[in-house]
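None of the figures in this text is laboratory data; all of them are computed from the coordinates on show. Owing to the predicted nature of the structure, the values given are computational and were not obtained by experimental measurement. Heads up, the Cβs are rebuilt from the backbone with ideal geometry, glycines too, and the neighbour counts pull from every protein chain shown.
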Amino acid sequence: MNQPIIGIAGNQLIHATEVFNGNFVTYTPQGFVDGVLEAGGLPLILPISAPKKAKDYIKSIDKLLLAGGQDVSPRMYHEEPQPTLEETNYARDIFEAELIKEAILQKKPILTVCRGTQLLNVVLGGTLYQDLSQYDQWRVKHAQQPTAPQFSTHSITVFSESQIGQLIPDKTYVNSYHHQALKELAPGLIATAWAADGIIEAVESSEGLPILGVQWHPELTRSVEEKEQKIFDYFVNEM
Ligand code: MN
């Protein structure tokens, strides 16, 4: 059986917490592992490393998955941190940026989730709202806490003639855990889904590259919503 190797860029717990007895750990949310496994892929977590390692990591995988997490450091798009910025991890940013560039060079498909989609936009030349309060038309609750993550909370409108449009309905609901958002879209990307307040919720390549990005978290809803597992199925088997 063909099992595509899916490299999942891992996160690092860089604050000591009681959860891991004060140990620093590399991890990825379990939903990514389960989503890839259920789709028939072989998940491999890539630990945050020196950017020069990216080339070899990408050589060793078939496809790249970028997960959610910290805010993207605004120095990645040449801005100073605004007061509403939350935690950043510059080491993660520059490593994942190199993974994206290498995956494009080596023609390996990329799926990005939440922060991953924001970083993708930045790497390709776009910018972000450091916080949604910077967006004049902000009308939708995009940080759904304390509502549990398996519940989809806000609507999106999907461009039916797009990759994501082949997988999910044109009008549907998604969960939402972001306070940053895409601002200027990178020239290499097109928007393919929007929240009711105009915030971009999905992107793909404008140049036909195998790239799919979503702003929501399919890894947290896939066990209760069939349409969300379809994103993993498509990425692992068809991209
Ligand atoms: Mn949202």
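Among the residues of the range 105-114, those identified as touching a helix residue (DSSP H, G or I) at 6+ places or on another chain (Cβ under 9 Å) and either within 26 Å of Ile199 (Cα to Cα) or not in a helix (DSSP H, G or I) (or both) are Gln106, Lys108, Pro109, Ile110, Leu111, Thr112, Val113. Please find, among Pro218, Pro169, the residue that is in contact with a helix residue (DSSP H, G or I) (Cβ under 9 Å, 6 or more places away or on another chain) and surrounded by 15 or more Cβ atoms within 10 Å (Cβ to Cβ). Result of the check over Pro218, Pro169: Pro218. Restricting the range 19-60 to residues that are in contact with an Asp or Glu (Cβ under 7 Å, 6 or more places away or on another chain) and not charged (D, E, K, R), which is farthest from Tyr90 (Cα to Cα)? Checked the range 19-60; the qualifying residue farthest from Tyr90 (Cα to Cα) is Ala39.
Selection of first residues in the range 11-29 that are closer than 20 Å to His217 by Cα and of second residues that are assigned to a helix (DSSP H, G or I), restricted to Cβ pairs under 6 Å at least 6 apart or on distinct chains, gives the following pairs, ordered by first then second residue: Pro29/Glu219. Of the residues screened, Ile199 is one that is touching a residue at least 60 places away in the same chain (Cβ under 8 Å) and β-branched (Val, Ile, Thr).
I'd like the residue in the range 161-176 that is closer than 17 Å to Leu120 by Cβ and not β-branched (Val, Ile, Thr) and, out of all such residues, is nearest to the chain's Cα centre (by Cα). Result: Gln163. Condition check: out of contact with any Pro (no Cβ under 8 Å at 6 or more places or on another chain), more than 16 Å from the ligand (Cβ to nearest atom) and either over 27 Å from Gln229 (Cα atoms) or not acidic (Asp, Glu) (or both). Does Ile104 satisfy that? Judged against the criteria, Ile104 is a match. Listed by position, the strands (runs of 3 or more DSSP E) contained in the range 128-239 that have at least 2 residues being within 17 Å of Gln118 (Cα to Cα) and within 11 Å of the ligand (Cβ to nearest atom) are 189-195, 200-205.
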